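*Asks:* Can you read through this structure? Questions will come right after.
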């Protein structure tokens with residue numbers, strides 16, 4: 001048999017170093033060079049397959065779980081030639097006002113979309129907008145409109161004290177417009193998210209109409225007509241809750257990320273068994289999460305509820321560990337393409353019935369994929385090396 005030609009010294013020194021792995025790859029290269037055509041094609045095919053496997057792993061491992069895309073509306077209801085400009089702190093109040101004021105004025109909310117109303121800090125632009133408006137409507141709940149009084153004071157200084165301000169929430173003794181807020185045992189304090197009940201919305205829409213009629217008596221008839229049309233829609237919403245949605249959820253047990261939905265869940269007959277964020281801005285401890293996981297198992301809970309205004313990291317962790325589903329609801333507008341209060345309540349009731357599985361852990365996915373591909377690659381490489389090492393020897397045709 002012919003001997004393989006000796007490599008030129010510089011090339012040899014480049015490949016033959018202190019690393020045995022380099023020498024092995026050189027041997028593979030030399031053996032492939034002197035293989036028969038069929039064997040050479042087989043080895044080349046295996047190498048190409050290994051390259052494709054590595055390429056596949058690179059593409060998969062570089063992918064990340066897409067974040068939920070929350071539609072954030074520029075929640076301002078603007079009408080040309082409108083004579084009345086009204087500002088509110090959140091989108092819920094803005095929607096109620098827009099359904100009363102009709103074409104007479106324009107309404108804009110300060111806090112929009114997935115922004116957390118508990119921690120919002122007003123800006124100089126907010127002050128300018130409020131100062132240039134005719135009316136500012138407060139919700140009137142401590143903790144849900146941070147520094148709103150400072151905002152009003154700054155706006156009044158800029159406008160020369162012309163800004164009209166009124167508060168939606170009245171004393172519970174007010175028979176017409178009074179709202180009674182509920183004590184929430186999960187957070188051991190009063191729950192201020194009273195707008196999540198359409199029954200309270202009906203009272204507050206009436207109050208908005210009453211106050212606007214006092215400010216602008218020349219538009220009272222228009223306000224009353226718009227109010228009546230909207231109250232009919234709210235009555236229809238309550239009819240859906242009482243006859244349809246309640247049927248699906250009565251006595252359902254859930255865990256919540258934030259206590260935003262107490263008033264709606266009470267209407268639906270849903271029992272909130274535990275809460276992840278019991279205090280605003282306070283992260284749950286590892287023991288808190290472990291307790292919730294145990295509670296989910298003991299109470300046979302199948303759903304954890306969260307909303308886009310708060311982080312869902314702990315929600316996903318608990319859902320994975322407990323093997324339960326997640327329902328994504330919202331207490332505010334400007335997300336999930338929701339731009340009206342009625343659509344939001346309908347959406348929340350339907351979303352509860354259609355929970356989703358928590359996203360898979362991207363780290364675990366990448367690790368498993370890497371291990372599988374690594375094993376396949378090593379096995380293929382060993383197969384190639386064994387084939388080259390123990391392949392049948394071919395006789396030199398010149399010797400024969």
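*Asks:* May I ask you to verify whether residue 155 is buried (at least 21 other Cβ atoms within 10 Å of the Cβ) and either at negative phi or touching a strand residue (DSSP E or B) at 6+ places or on another chain (Cβ under 7 Å) (or both)? Steps first, please.
*Replies:* Numbers: buried (at least 21 other Cβ atoms within 10 Å of the Cβ): yes; either at negative phi or touching a strand residue (DSSP E or B) at 6+ places or on another chain (Cβ under 7 Å) (or both): yes.
In short, yes.
*Asks:* For region 265-277, what are the residues that are free of Cβ contacts under 8 Å to residues at least 40 places away in the same chain and surrounded by fewer than 19 Cβ atoms within 10 Å (Cβ to Cβ)?
*Replies:* Quick first cut of region 265-277, residues free of Cβ contacts under 8 Å to residues at least 40 places away in the same chain only: 265, 269, 271, 273, 277.
Matches in region 265-277: 269, 271, 273.
*Asks:* Inspect region 193-215 for any residue being out of contact with any strand residue (DSSP E or B) (no Cβ under 7 Å at 6 or more places or on another chain) and without any contact (Cβ under 8 Å) to a residue 12 or more places away in the chain and give the result as yes or no.
*Replies:* yes
*Asks:* Restricting to region 310-323, give me the number of residues that are surrounded by fewer than 21 Cβ atoms within 10 Å (Cβ to Cβ) and touching a helix residue (DSSP H, G or I) at 6+ places or on another chain (Cβ under 8 Å).
*Replies:* 4
*Asks:* Which condition number does residue 272 fail, the rest of (1) touching a strand residue (DSSP E or B) at 6+ places or on another chain (Cβ under 8 Å); (2) closer than 24 Å to residue 120 by Cα being met?
*Replies:* Here residue 272 clears every test but (2).
*Asks:* Do we have residue 164 as in contact with a strand residue (DSSP E or B) (Cβ under 9 Å, 6 or more places away or on another chain), surrounded by fewer than 17 Cβ atoms within 10 Å (Cβ to Cβ) and in the same structural domain as residue 275 (by TED's automatic domain parsing) here? Walk me through it before giving the result.
*Replies:* Details: in contact with a strand residue (DSSP E or B) (Cβ under 9 Å, 6 or more places away or on another chain): yes; surrounded by fewer than 17 Cβ atoms within 10 Å (Cβ to Cβ): yes; in the same structural domain as residue 275 (by TED's automatic domain parsing): yes.
Considered against the rule, which asks whether it is in contact with a strand residue (DSSP E or B) (Cβ under 9 Å, 6 or more places away or on another chain), surrounded by fewer than 17 Cβ atoms within 10 Å (Cβ to Cβ) and in the same structural domain as residue 275 (by TED's automatic domain parsing), residue 164 comes out as yes.
*Asks:* What is the number of the single condition among (1) within 30 Å of residue 291 (Cβ to Cβ); (2) over 27 Å from the mean Cα position of the chain (by Cα) that residue 196 does not meet?
*Replies:* The failed condition is (2).
*Asks:* Any chance you could count how many residues in region 278-309 are buried (at least 19 other Cβ atoms within 10 Å of the Cβ), in contact with a strand residue (DSSP E or B) (Cβ under 7 Å, 6 or more places away or on another chain) and over 17 Å from residue 357 (Cα atoms)?
*Replies:* 1
The values are calculated or read from the model by the stated rules, or taken from the named source; none is laboratory data. Keep in mind that what you see is a predicted model, and the values were worked out from it rather than measured. FYI the Cβ positions are ideal-geometry reconstructions off the backbone, even for glycines, and counts take in every protein chain you see.
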